[in-house]
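To start, the structure under review is shown below, and the notes come after it.
The values are calculated or read from the model by the stated rules, or taken from the named source; none is laboratory data. As the structure is a prediction and not an experimental result, all values here were calculated from the model. Cβ coordinates were reconstructed from backbone atoms using ideal geometry, including for glycine residues, and neighbour counts include every protein chain displayed.
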Amino acid sequence: MTRYSILNAISLIFVLFSAVTAPIRGAELTVEPTHVTVTAGSIGGSYFVMNTAMFDIFSKHIEGLAYAIVPGGSVANPIAINKGDAQFGLSFTNDLKSAVIGQAPYSEPLTEIRAIANVGFEARLHVFVATELGVQSMEELVTEKPKLRVDTGPRGTGSELAAKRVLELHGYSYEDIRNRGGRVIHSQFREMVDRLKDGHLNALMYNDLLGAPLFADLVSSRDVKLLSLEERVIGILAGDFGYTPGIIPAGTYKGQNSDIATIKRHTIFICHKDMAEDLVYVMTKLMFEYRDDLALAYRAFNIEEDKAAADLPLQLHPGSERYYRERGLIQ
């Protein structure tokens, strides 16, 4: 398991900090004392844990590297890196596609970000509703328009943006929900699950890996139902915004007796284009050499040679490109 500590900084902003204070025997690379900021996701969420696992390995093999991991989100992370407020981070494929062309929610193309690798984390959108709402599908949700108390995750995250788009395309937007006397809330993952369990919410929408522990806890604690997205909506999300059609297979969760149609996306490790080529080269190399360790640290990692540099929505960094060419993974 990786070791890290979360320090409470100003105004409840959390930073995870690791510094190399002594020479490392057999280091892959020595750099001038270098401190980088890594933008993740919700505290305790998948992105935070994944970045921690990667940079724990990097700091042990790159002498002089120190880092801080700060909260962020799939939508916000490319912006922070593009501006130079952070140097590394994670983001979903569809959000990166929008970022490089300047599609909403981005106001202009982000030209300073580069790809390092597809790390294999595949997240699917889960739409859970309390069974007492009496709806069996997204179509019924729109027809019946119950008074929803729904949590769609922290603003600025890819999860929240996906939920907002899904609701709007089905015809029950944030504004519609509020006009019907409902509420739209934006909480961290653990908080939203706890609120649905104790009855403060009657719905949540969130992207995470299949069988995520908090989802498993939810279905064992309260009567809830997973809703499928309409095929028409999935088609629009795929064609216009770069999502991929996906399935939550029957039996993934307690009481789930049928497949659930949804959307999924992959996670890309990204950086600022001005990061040193040798540094990014060694990081890419270490990710492959220690991919089994990463998968043991967090099961969302699934780094595969034939997929790490394939179908990326943005340009590769020269350091990672050099590594892939040397390995014969790209031409």
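Restricting attention to the range 92-107, which residues are outside any helix (DSSP H, G or I) and either on the phi > 0 side of the Ramachandran plot or touching a helix residue (DSSP H, G or I) at 6+ places or on another chain (Cβ under 9 Å) (or both)?
Scanning the range 92-107 gives F92, G102, Q103, A104, P105, Y106.
Any chance the range 101-123 includes a residue that's crowded, with 24+ Cβ neighbours inside 10 Å, more than 25 Å from R322 (Cβ to Cβ) and touching a residue at least 40 places away in the same chain (Cβ under 8 Å)?
Yes, the range 101-123 has at least one match.
Scan the range 158-206 for residues that are hydroxyl-bearing (S, T, Y) and closer than 19 Å to L218 by Cβ and report the count.
Counting residues in the range 158-206 that are hydroxyl-bearing (S, T, Y) and closer than 19 Å to L218 by Cβ gives 3.
Any residue at all in the range 161-168 that is part of a helix (DSSP H, G or I) and over 22 Å from the mean Cα position of the chain (by Cα)?
The answer is no, given that none of the residues of the range 161-168 is part of a helix (DSSP H, G or I) and over 22 Å from the mean Cα position of the chain (by Cα).
Can you go through L294, L314 and tell me which one is within 20 Å of A123 (Cβ to Cβ), under 20 Å from the mean Cα position of the chain (by Cα) and assigned to a helix (DSSP H, G or I)?
Values: L314 fails: assigned to a helix (DSSP H, G or I).
Only one candidate qualifies: L294.
Determine the pairs where a residue that is among the hydroxyl-bearing types (S, T, Y), located within the range 212-229, has a partner that is not in a strand (DSSP E or B) with Cβ atoms under 6 Å apart, the partner being 6 or more residues away or on another chain.
Listed by first residue and then by second, the contacts come to S220/K254; S221/K197.
Give the residue, chosen from G251, G235, that is outside the structural domain of A80 (by TED's automatic domain parsing), in a helix (DSSP H, G or I) and without any contact (Cβ under 8 Å) to a residue 12 or more places away in the chain.
G235
If I filter the range 169-189 down to residues being in a helix (DSSP H, G or I) and loosely packed, with under 15 Cβ neighbours inside 10 Å, which single residue comes out as nearest to the chain's Cα centre (by Cα)?
Of everything passing the filter in the range 169-189, E175 is nearest to the chain's Cα centre (by Cα).
Out of the residues in the range 108-154 that are under 13 Å from the mean Cα position of the chain (by Cα) and part of a loop (DSSP other than H, G, I, E, B), which is farthest from Y253 (Cα to Cα)?
The first filter runs over the range 108-154 and keeps only residues under 13 Å from the mean Cα position of the chain (by Cα), leaving 118-125, 153-154.
The next check asks that each one be part of a loop (DSSP other than H, G, I, E, B); those that pass are 153-154.
Details: G153: 21, P154: 24 Å.
If we take residues in the range 108-154 being under 13 Å from the mean Cα position of the chain (by Cα) and part of a loop (DSSP other than H, G, I, E, B), then P154 is farthest from Y253 (Cα to Cα).
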